[in-house]
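A.B. asks: Encoded as structure tokens, here's the structure I'll be asking about.
The values are calculated or read from the model by the stated rules, or taken from the named source; none is laboratory data. Computed from a predicted structure; not experimentally measured. All Cβ positions, glycine included, derive from the backbone under ideal geometry; neighbour counts span all protein chains shown. Quick note on the areas: whole protein, heavy atoms, side chains included, nothing else; ligands and nucleic acids left out. Shrake-Rupley method; radii C 1.70, N 1.55, O 1.52, S 1.80 Å.
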Amino acid sequence: MKVSYNDLNIIFGLDGVNHRVVPFHYTHLKIMDIRKADNDLINSFIDYDDRIKTYPVEGLSFSGMCHRDIVCCFGVIPLWEGVYEAWLVPCSNLTKNKFVFHKSSLKFFEYVAEKLNIHRLQINVNRQNCLAYKWAKKCYFTEEGLLREYGPDKSDFYIMSRLFKTKEKE
């Protein structure tokens, strides 16, 4: 099942012109002004360019735009039935629109959980990225543990999850 970026524009209350969600393409990350913490992580991958081409899952990966600028790339990746992993790469100047971004994030998580019948949504947050950790907590993710030497640079990551009630199968 796919998620419509047009639906997301409506759900987020975006005008679809100046502020909009579009399908993700790996080149968006190359033209974005990415925060230092995220850029450091990206640079620690040996095969980043090849790896990022496999990330987008059609209908589950998006980019947020403000006028002509890409302000974030995000999506969910299915692990198995009912369990997905969310991912996000924000731009460095997202703080100008942080309240719109946060409200949209909360709406996105609720929407995909219902649309895709997700009972568990998880994220991995670099232990050194305090801003990402605070944001995850404000999005109701719960820390479950520490993944030691998990990153490509052997950095530690928190595994965090958010559980949702799902429709029972008939």
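A.B. asks: Could you grab me the full set of residues in region 116-130 that are outside any helix (DSSP H, G or I) and of a type in the set (A, V, I, L, M, F, W, C)? I'd like the intermediate steps shown before the answer.
C.D. replies: Restricting attention to region 116-130, the residues satisfying the condition of being outside any helix (DSSP H, G or I) are 117-129.
118, 121, 123, 125, listed by residue number.
A.B. asks: Separate question: Does residue 3 meet the test of being within 20 Å of residue 113 (Cα to Cα), at pLDDT below 85 and surrounded by 11 or more Cβ atoms within 10 Å (Cβ to Cβ)?
C.D. replies: Working: within 20 Å of residue 113 (Cα to Cα): yes; at pLDDT below 85: yes; surrounded by 11 or more Cβ atoms within 10 Å (Cβ to Cβ): yes.
Spelling it out, residue 3 is indeed within 20 Å of residue 113 (Cα to Cα), at pLDDT below 85 and surrounded by 11 or more Cβ atoms within 10 Å (Cβ to Cβ).
A.B. asks: Show the residue pairs that are 6+ apart or on different chains and have beta-carbon atoms under 6 Å apart, the first residue being within region 138-150 and open to solvent by 50 Å² or more (accessible area, probe 1.4 Å), the second being acidic (Asp, Glu).
C.D. replies: Close Cβ pairs (under 6 Å, with a partner that is acidic (Asp, Glu)) amount to 146/156; 148/156.
A.B. asks: Right, here's the next one. Suppose the filter is open to solvent by less than 40 Å² (accessible area, probe 1.4 Å), closer than 20 Å to residue 124 by Cβ and either touching a residue at least 40 places away in the same chain (Cβ under 8 Å) or not charged (D, E, K, R) (or both); does residue 12 pass it?
C.D. replies: Judged against the criteria, residue 12 is not a match.
A.B. asks: How many residues are assigned to a loop (DSSP other than H, G, I, E, B) and surrounded by fewer than 14 Cβ atoms within 10 Å (Cβ to Cβ) if we restrict to region 60-84? Before the answer, list the steps.
C.D. replies: Step one: filter region 60-84 for residues assigned to a loop (DSSP other than H, G, I, E, B), giving 60, 67-68, 81-82.
Then drop every residue that is not surrounded by fewer than 14 Cβ atoms within 10 Å (Cβ to Cβ), which leaves 67-68, 81.
So the answer is 3.
A.B. asks: Continuing with the same structure: Output the residue which, of all residues in region 144-158 that are in a strand (DSSP E or B) and out of contact with any helix residue (DSSP H, G or I) (no Cβ under 8 Å at 6 or more places or on another chain), is nearest to residue 42 (Cα to Cα). Walk me through how you get there before you give the answer.
C.D. replies: Start the filter on region 144-158 by keeping residues that are in a strand (DSSP E or B), which leaves 144-147, 157-158.
Now narrow it down to the ones that are out of contact with any helix residue (DSSP H, G or I) (no Cβ under 8 Å at 6 or more places or on another chain): 144-147, 157.
Working: 144: 24, 145: 23, 146: 20, 147: 18, 157: 14 Å.
The qualifying residue nearest to residue 42 (Cα to Cα) is 157.
A.B. asks: Right, another one. From the list 93, 126, which one is exposed (fewer than 14 other Cβ atoms within 10 Å of the Cβ), in contact with an Asp or Glu (Cβ under 8 Å, 6 or more places away or on another chain) and touching a residue at least 40 places away in the same chain (Cβ under 8 Å)? Working first, answer last.
C.D. replies: Values: 126 fails: exposed (fewer than 14 other Cβ atoms within 10 Å of the Cβ).
When all the criteria are applied, what remains is 93.
A.B. asks: Going through 113, 136 one at a time, which residue ends up being in contact with a Leu (Cβ under 7 Å, 6 or more places away or on another chain) and either in a helix (DSSP H, G or I) or farther than 17 Å from residue 34 by Cβ (or both)?
C.D. replies: Working: 136 fails: in contact with a Leu (Cβ under 7 Å, 6 or more places away or on another chain).
Residue meeting the stated conditions: 113.
A.B. asks: Okay, moving on. Within the set of pairs 6 or more residues apart or between chains, which connect a residue that is open to solvent by 100 Å² or more (accessible area, probe 1.4 Å) inside region 31-59 to a residue that is among the small types (Gly, Ala, Ser) and at pLDDT below 80 with Cβ atoms less than 6 Å apart?
C.D. replies: From region 31-59, no pairs qualify.
A.B. asks: So is residue 107 in contact with a helix residue (DSSP H, G or I) (Cβ under 8 Å, 6 or more places away or on another chain), at pLDDT below 95, open to solvent by 30 Å² or more (accessible area, probe 1.4 Å) and among the basic types (Lys, Arg) or not? First the steps, then the outcome.
C.D. replies: Working: in contact with a helix residue (DSSP H, G or I) (Cβ under 8 Å, 6 or more places away or on another chain): yes; at pLDDT below 95: yes; open to solvent by 30 Å² or more (accessible area, probe 1.4 Å): yes; among the basic types (Lys, Arg): yes.
Yes.
A.B. asks: Does residue 161 fit the bill of being part of a strand (DSSP E or B) and either at pLDDT 95 or above or under 21 Å from residue 64 (Cα atoms) (or both)?
C.D. replies: Numbers: part of a strand (DSSP E or B): yes; either at pLDDT 95 or above or under 21 Å from residue 64 (Cα atoms) (or both): yes.
When the stated conditions are applied, residue 161 passes them.
A.B. asks: Let me ask something else. Confirm whether residue 100 is surrounded by 15 or more Cβ atoms within 10 Å (Cβ to Cβ), in a loop (DSSP other than H, G, I, E, B) and modelled with pLDDT under 85. Steps first, answer last, please.
C.D. replies: Values: surrounded by 15 or more Cβ atoms within 10 Å (Cβ to Cβ): yes; in a loop (DSSP other than H, G, I, E, B): no; modelled with pLDDT under 85: yes.
In short, no.
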